[in-house]
């Protein structure tokens, strides 16, 4: 059997193309001399429906009857099916002709199926489908790159007939993209799949530019046009948001905010100053339109409520560091609700107020006189007798003004009666009727101990009339009080010594007993009268603690723990605990906190008298103050505790090792501990510098605990010599401590006059302070030193004003034979009775000095630092414009450094004291220097300070903390550079590089010191 598409059908148009996709031979049960059966696997159906198909069922027996089956059913000849000899033709084939065809021949009684096949059909228009490009629209930033992917489904048999090309828009037309175009790159992934990459895209018009992905099959093509919009970054601009919205309470609010920007904005809502919490009542939906560069946020409130949802809503649009915001005022309208708790008035100023209303209402007042109230507080108003207030009644504010409260001033001659107020806004109105009671005369009064009671208490009040009249009874809020209806009530009355009295007792008070109590009576002239008092009964309830939450503190001068208590009676005291232990002994009480806050207070716990529930922590520190805090409160109704965690965060601080050089012997074991503090607990690691100055050499280390790591060297080798550093890191910062490990050096002698020092030439003097011996020539007898007041103090050290006997003749820098002999005699007189006399019997001159020493709580490291400072001062030498060393006391229990005393304090305080008399002139203003400060004086001061710094530089010493507070003003206003606590020796190099994390005076530092940690004599000035 052969199947072919008819080529000779005249009705087929020239454009008709017959496609032979694949041939294969399929034989089953054929005679040896039978014709082979060729099967077409694909037949194209033309769009005009004129395609014919022939099926050749020729056999060697030309007289055999041949039948064609379609899906096992005989296909009758006639109509669209014709038979010529043994060849079938199906005219104008359609997709309904799809199926399995069988050629069947009958010869005598035998039937044979020569061949069978299934013929699929594909319409020509399906061969060339429209390509699909993703994305269809793309928005990117200028200077970036992006891709478009173009795909089209192609039958495998037809792939070689298809082409796919990209075109770009240029001057209103599309130009094919060449392979050598540097801005565009085409990548063929597979047949029918191509990717276009746009490189370093440049800004386009607002509507963008289009590209074209074109797929072509022979003479037929179809295209898809993706669009690219390239924009430069621009900040958000909110384009759509209503300024004001009015919604009735319980109705739904739905508003949107639209912002245009690139990159696209993230939109949040702020309600009354705080970020809107999406949840129970609020729904926020986001929508993004990349094509139009807009972000839209929809705010939905399903059921509005006043005052919960009333207020200002702010739409905030942000992209990167830019933002825009606009406000929307939302008014939730509700009818007025009047406060009706005060229904009986006895004073001549009454008011009517709303408990809730939006917008605020206007008030209208009416009045009716009713004398019956004088003897019957329970009488009711007559609905037909209401009239507007006369002009003599002053209404405040005026009736036309919207307000929360309206007040009426009642004239003195007004009798008892009823007042009616009506509050009206655009949503509706509400009214309230109140009684006005003309209370009392000079002949009656109510006496009591207090007007305010607690629940479960006893109310005891007496009403006394100064003549023999008649008591009518007691009333509360217009209702008569009777013992028969309330067993808590006891009323007694009587007449005594010309007085008429009645006494009211109410036991086991409740909050509902609050109100106006009226004593009604008839006086001696048979006139009705009454007196009243307003009584308040407070509800008693056990304490509750509100919003006692965990807190975090970082880099703060103070923090507060507030135990917000709701209780009655209110507890007078709150008991504080930390980690279960009471804090009462550690809390200091203040009458008030100074305006400077905690700056002038020591670290610790403080409480202000009269303020209940607040604990102030000054200068919080992790080691001292991090932990769980509990506040405990109680009253007669109960007791409650609340616990919260205070987490004081701190930057890492390396306590050990110090920035020094350690000398070791090769072959011996050695270790060093890195100890740090910080919160969160820092990650600690030891590293060693390699030959390129990078800290990337791992070392052997062991954790002792979560804040200590030990560097271990089992046997020091030549490769172990070098710079090590311990690095501690947490989320708040980083700290590094450096340490040099060096082999024991070959020492050499440096010989001086009368003394010698051992100096390592490979290390600076600063590094060797601990190894240098102390020169005994500077030792001054401590017995000749009389200590006085403290001039200043720090954490571990202090400076004391003192008197030194004979130090004026001490001169330890002078090595002449006479001076050496004099110092020797002075030291020998320490134990004699002539302690304060020289060898000739003359008394030593008493000199005021400044003594620098340590406090009792100082650590051994602090002693080493002070000893190092002493050796630096000896090394630097003497100069008129620095604070000079006079001597030292090192043999007693404490180390004293004796220095020059500056009677005028430091330069900072000196200038502040003279601020009022400063004159910006070069001319001398007075002969008394005490009363003068001019530009000329300032220049002289600067010159002297410069001389002092020049001297330090000549000694290869940099100060690192030159500031007005560290310059002392001596006699005759001579400037003296002081405080060498941060000084460093730079004898080997012309600069010092800081490698530790110690505190430095940031405000006064040079830029290279601040950013690069480099210090030179230039950075000092």
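Read-outs: derived from the displayed coordinates by stated rules, not from any lab. What you see is a predicted model; the values in this text were computed from it and never measured. Cβ: placed from backbone, ideal geometry, glycine included. Neighbour counts: every protein chain shown.
If I take the Cα coordinates of region 337-436 and project them onto the principal axes, what are the three extents in Å, biggest first?
That works out to 40, 25, 24 Å along the principal axes.
In whole Å, how far is the Cα centre of region 63-84 from that of region 851-917?
Computed from Cα coordinates, the inter-centre distance equals 125 Å.
Residue 915 versus residue 585, label points 7 Å from Cα toward the beta carbon: distance in nm?
4.4
Return the ratio Rg/(2.2 N^0.38 Å) for region 393-506, where Rg is computed over Cα atoms only.
Cα-based Rg divided by the globular estimate yields 1.45.
Expressed in nm to one decimal, what extension gain is obtained for the pair residue 240 and residue 74 from 0.36 nm per residue of sequence separation less their Cα-Cα distance?
52.5 nm
Testing the spin-label approximation: label points 7 Å from Cα along Cα→Cβ at residue 482 and residue 191. State their distance in nm.
10.9
log10 I(q)/I(0), Debye, Cα-only region 701-746, no solvent, q = 0.17, 0.27, 0.30 Å⁻¹?
Calculated log10 I(q)/I(0) at the listed q: -0.64, -1.12, -1.20.
What is the ratio of the Cα radius of gyration of region 434-588 to 2.2 N^0.38 Å, with N the residue count, to two decimals?
For region 434-588, the normalised Cα radius of gyration is 1.62.
When averaged across all projection directions, what area in nm² does the alpha-carbon convex hull of region 269-378 cover?
11.8
So if each residue of separation counts as 0.36 nm, and I subtract the Cα-Cα distance between residue 171 and residue 922, what length gain in nm does that give?
262.8 nm
Given a Förster distance of 30 Å, report the FRET efficiency between residue 673 and residue 731 from their Cβ-Cβ distance, rounded to the nearest 0.05.
With R0 = 30 Å, the Cβ-Cβ based efficiency is 0.80.
Classify region 446-538 from the C-alpha gyration tensor, please: rounded if a/c falls under 1.5, else prolate or oblate depending on whether a/b exceeds b/c.
Prolate shape, in that a/c is at least 1.5 and a/b is the bigger ratio.
Please rank 467, 674, 379, 421, fewest neighbouring Cβ atoms within 10 Å first, as an exposure proxy.
The most exposed by this proxy come first: 467, 379, 421, 674.
Using the alpha carbons of region 506-645, what is the convex hull volume per residue in cubic angstrom, as a whole number?
Normalising the Cα hull of region 506-645 by residue number yields 168 Å³.
Given all pairs of different Cα atoms, what value in angstroms does the Kirkwood hydrodynamic radius of region 892-955 take?
Taking the inverse mean of 1/r over all distinct Cα pairs, region 892-955 comes out at 14.3 Å.
So if R0 is 25 Å, what FRET efficiency would residue 863 and residue 619 give, r being the distance between their Cβ atoms, rounded to the nearest 0.05?
After rounding, the FRET efficiency stands at 0.45.
Give me the one-decimal nm value for the distance between modelled label points at residue 609 and residue 147, 7 Å along each residue's Cα-to-Cβ direction.
7.7
If you count, for each residue, the other Cβ atoms within 10 Å and average over each peptide, how do 518-524, 476-482, 645-651 line up from highest to lowest?
The peptides rank, most packed first, as 518-524, 645-651, 476-482.
For region 581-649, what mean projected area does the convex hull of the alpha carbons give, in nm²?
Averaged projected area of region 581-649's Cα convex hull equals 5.6 nm².
P(r) for region 234-333: what percent of alpha-carbon pairs falls in each 5 Å bin, starting at zero?
For region 234-333, the binned pair fractions read 3, 14, 25, 25, 16, 10, 5, 2, 0 percent.
Take the Cα atoms of region 132-231, find their three principal axes, and give me the spread along each one in whole Å, biggest first.
Sorted largest first, the three principal extents are 43, 25, 25 Å.
Subtract the Cα-Cα distance of residue 690 and residue 557 from 0.36 nm times their separation in residues, and report this length gain in nm to one decimal.
My answer for the length gained is 43.7 nm.
I need the calculated FRET efficiency for the pair residue 458 and residue 798, taking r as the beta carbon distance and R₀ as 60 Å, to the nearest 0.05.
0.40
Which ordering of 960, 592 is given by a fewest-first count of other beta-carbon atoms within 10 Å?
592, 960
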